[in-house]
Amino acid sequence: MRRKLFGPAASAAVLGLLVPLSGCGGSDGGSGDGGTLRLVAAEYGDTPATSSKAYWDKVTGDFTAANPGIKVEVQLLPWADIDREVSRMVKAGKAPDMALMGSYSDFAAQGQLYAADELLSITAEANFLQPLAEAGSVGSTLYGLPFVASSRLLFYNDSLFSKAGITAAPKTWTDLRNDAKALKDKGVKYPYAMPLGPEEAHAEALIWELSNGGGYADNSGNYSLASEQNVETFRWIKEHMIAPGLVGPTPPAKLNRADAFAAFLRGEVGMVNGYPSLLHEANAKGINVKAVPMPVSDDLGAGESTPTVGVADWMMAFKQNGKGKQIGTFLDFLYQDKNLTDFANRYHLLPSTVTASRTPAGGGLGNTDEAFLTALRGAQLYPVNDPSWVTVSDTIKRSIGRAVEPSVDPKTVLDEIAAKATQAGKKH
């Protein structure tokens with residue numbers, strides 16, 4: 001999950017090479033022949049040992065055994081390359097039959113994609129978790145099929161909290177600030193790690209904005225990047241978190257998520273917003289971690305509940321090769337509970353469907369994973385169904401960190417981002 005929220009959530013591939021995979025068995029001819037389907041998928045692993053190759057080898061082999069007329073070839077690409085490479089393939093008239101990546105709406109806007117109701121059974125289409133289905137839809141038509149997802153919760157190092165004399169999780173921004181001060185007084189390097197660096201600043205920014213009743217879009221789905229609530233959010237962060245030195249030695253604009261997470265796993269961070277895989281890594285290292293909803297602004301009050309950030313990765317099917325029937329057969333197979341949860345469990349993500357997510361037995365979810373799933377059901381996702389989002393998110397990632405720099409008025413930065421978003425929207 002490119003964060004991928006989620007993101008993404010999985011880490012970017014470092015393999016660097018294109019990894020071809022093939023479904024086993026079957027042939028390109030014969031009765032009921034569907035030929036060969038090509039799937040280009042993001043690599044979720046960060047080493048050969050954690051590569052997605054093993055998963056795709058198994059699922060495509062099982063599929064071809066059950067459907068001898070259809071083979072599936074899978075090409076894995078690093079997260080850093082897949083958007084650009086799939087766009088290049090489509091423009092060159094060599095679109096894959098399917099792609100699994102972090103965005104879909106630009107292809108939907110170009111009329112390149114099959115709608116879900118052209119591919120899936122009614123039961124399969126109705127099985128997606130509602131917030132994910134909404135984010136995967138343009139208008140009322142589902143084009144981006146959610147595959148795996150994650151949500152964000154506030155992690156805190158319970159051992160560091162205890163040493164600082166903190167006995168309860170923060171519920172408001174003032175609580176968070178006071179806890180961060182207590183952690184700083186005990187010598188914690190990063191009382192609150194605030195990754196507003198270009199890797200995934202759009203996630204951290206949205207988490208804070210939502211906790212003050214703001215966000216990236218209004219109730220009508222239009223961008224509201226420079227809303228009054230968002231401006232107030234960053235002014236509060238500057239005054240109450242940055243100025244007192246409660247975010248650690250690295251300026252937020254230069255702190256990437258990967259670096260913040262690495263510091264958390266070294267025991268140097270008191271609080272950080274994270275997703276399930278980080279929690280599993282921390283537990284494996286013996287770090288006592290608690291995960292709670294992001295505290296809300298004092299204007300809203302401790303009793304208020306605001307959406308968490310949700311992230312999903314999207315499966316899409318291209319019309320270019322005219323293989324809708326065969327693609328639908330494969331996707332109905334792929335989205336079976338056992339296949340979807342196998343992938344989700346490998347990377348400590350959440351499956352995207354109701355039946356795969358319902359119980360620990362059905363979805364392989366532990367108690368903590370259930371907390372993330374509960375958050376996901378009420379989450380707000382990035383506006384990925386807007387074709388301009390790819391451009392807008394890149395602008396946010398590269399610019400939002402300036403909003404908390406000492407000599408800058410956050411409103412100026414947010415107004416600049418909003419203006420660029422308006423310009424990007426005119427191109428689609």
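The values are calculated or read from the model by the stated rules, or taken from the named source; none is laboratory data. In this text, all values refer to a predicted model and were calculated from it rather than measured experimentally. Quick reminder, even Gly has a Cβ in these numbers, built from the backbone with ideal geometry, and neighbours come from all protein chains shown. We work out accessible area using only protein heavy atoms, side chains counted, and drop any ligands, DNA or RNA first. Shrake-Rupley method; radii C 1.70, N 1.55, O 1.52, S 1.80 Å.
Quick one: with all protein chains in place, what share of the accessible area of the chain is carbon or sulfur, to the nearest percent (1.4 Å probe)? Intermediate results must be reported in sequence, preceding the final value.
Values: 8310 of 16960 Å².
Reported share for carbon and sulfur atoms: 49 percent.
Return the sequence-ordered ³J(HN,Hα) values of segment 81-95 in whole Hz as given by the Karplus equation 6.51 cos²θ - 1.76 cosθ + 1.60 applied to θ = phi - 60°, using x for Gly and Pro.
With coefficients 6.51, -1.76 and 1.60, one gets 10, 5, 4, 5, 5, 5, 4, 4, 4, 5, 5, 7, x, 10, 4 Hz.
What order do 181, 285 take when sorted by accessible area (1.4 Å probe), most exposed first? Mind dumping the intermediate values first?
Working: 181 110, 285 130 Å².
Solvent-accessible surface, decreasing: 285, 181.
Please go through the residue pairs 290/397; 71/319; 290/338; 319/420 and name each one whose alpha carbons sit more than 25 Å apart in this structure. Walk me through the numbers on the way to the answer.
Values: 290/397 27 Å; 71/319 18 Å; 290/338 29 Å; 319/420 31 Å.
In this structure, 290/397; 290/338; 319/420 lie more than 25 Å apart at Cα.
Quick check: with the 1.4 Å probe, what order do 280, 240 take by accessible area, largest first?
Correct descending sequence by accessible area is 280, 240.
What's the whole-number percent of alpha carbon pairs in segment 273-357 lying beyond 14 angstrom?
Cα-Cα pairs of segment 273-357 separated by over 14 Å account for 76 percent.
Per residue of segment 154-162, in order, report the coupling 6.51 cos²θ - 1.76 cosθ + 1.60 (Karplus, θ = phi - 60°) as ³J(HN,Hα) in whole Hz, putting x for Gly and Pro.
7, 9, 9, 7, 5, 5, 5, 4, 4
Would you kindly state how much longer the chain becomes between residue 423 and residue 159 on full extension, computed as 0.36 nm times their sequence separation minus their alpha carbon distance, in nm to one decimal? Before the final figure, lay out the partial values.
Details: separation 264, 0.36 × 264 = 95.04 nm, distance 4.77 nm.
Gain in length upon complete extension: 90.3 nm.
Quick one: ranking 36, 391 by accessible area, 1.4 Å probe, largest first, what do you get?
Reading off the accessible areas and sorting them downward yields 391, 36.
In the chain, what % of DSSP beta bridges are antiparallel (nearest 5)?
In the chain, DSSP labels about 65 percent of beta bridges as antiparallel.
Collect residues whose amide H, placed 1.01 Å from N in the peptide plane, falls under 5 Å from the amide H of residue 294; neighbours closer than 5 in sequence don't count.
154
Could you tell me how far the Cα centroid of segment 58-109 sits from the Cα centroid of segment 133-182, in Å?
31
For the charge dipole of segment 105-171, defined by +1 on Lys and Arg C-beta atoms and -1 on Asp and Glu C-beta atoms about the Cα centroid, which residue among 105, 136, 160 has the Cα displaced farthest towards the positive pole?
The residue sitting most towards the positive pole is 160.
So what's the back-of-envelope 222 nm ellipticity for the chain, counting only DSSP H runs of four-plus at -39500 (n - 2.57) apiece and dividing by all residues, rounded to 500?
On the way: 18 runs with 167 residues, N = 428.
After summing the helix terms and dividing by the residues of the chain, the value is -11000 deg cm²/dmol.
When ligands, DNA and RNA are left out and all protein chains stay put, how many square angstrom of accessible area per residue does the chain have with a 1.4 Å probe?
40
Report residue 171's accessible area, 1.4 Å probe, all protein chains in place, as a number in Å² to the nearest 10.
Its accessible surface works out to 120 Å², give or take rounding.
Would segment 57-134 count as rounded, prolate or oblate if I go by the C-alpha gyration tensor, calling it rounded below 1.5 in a/c and otherwise prolate when a/b exceeds b/c, oblate otherwise?
oblate
Using the structure shown, select from 53/427; 58/325; 58/91 the pairs with a Cα to Cα distance greater than 27 angstrom.
Details: 53/427 37 Å; 58/325 22 Å; 58/91 31 Å.
Over 27 Å Cα-Cα: 53/427; 58/91.
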